[in-house]
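K.L.:
Sharing a structure with you now.
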């Protein structure tokens, strides 16, 4: 029975020693710089007045009566 207790104590001591050694190694290791944050461009979305499809405002056709997804819808609406 005492051999089991001694073996358990040795395993606990070894486990504590190993974890402490790993923590010291991690603290001493140089840290890699964080990757630069990319700025994400926010694009305003608009809906076509004829079919309701959402598309970026930069790709939309702006007519006299509204915003359209294609030239055919602009002509259909009379804008």
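K.L.:
Out of the residues in segment 47-57 meeting the condition of being outside any helix (DSSP H, G or I) and touching a residue at least 12 places away in the same chain (Cβ under 8 Å), tell me which one is farthest from residue 77 (Cα to Cα).
P.N.:
Across segment 47-57, the extreme among qualifying residues is 56.
K.L.:
Still on this model: Within segment 39-54, track down each residue that is at pLDDT 85 or above, out of contact with any helix residue (DSSP H, G or I) (no Cβ under 8 Å at 6 or more places or on another chain) and surrounded by fewer than 10 Cβ atoms within 10 Å (Cβ to Cβ).
P.N.:
42, 52
K.L.:
If you take the residues of segment 58-79 that are in contact with a strand residue (DSSP E or B) (Cβ under 7 Å, 6 or more places away or on another chain) and outside any loop (DSSP other than H, G, I, E, B), which of them is surrounded by the most Cβ atoms within 10 Å (Cβ to Cβ)?
P.N.:
68
The values are calculated or read from the model by the stated rules, or taken from the named source; none is laboratory data. Bear in mind that the values here come from a model prediction, so they are computed numbers and not experimental data. A quick note on method: Cβ atoms are made from the backbone with ideal geometry, for glycine too, and the neighbour counts reach across all protein chains shown.
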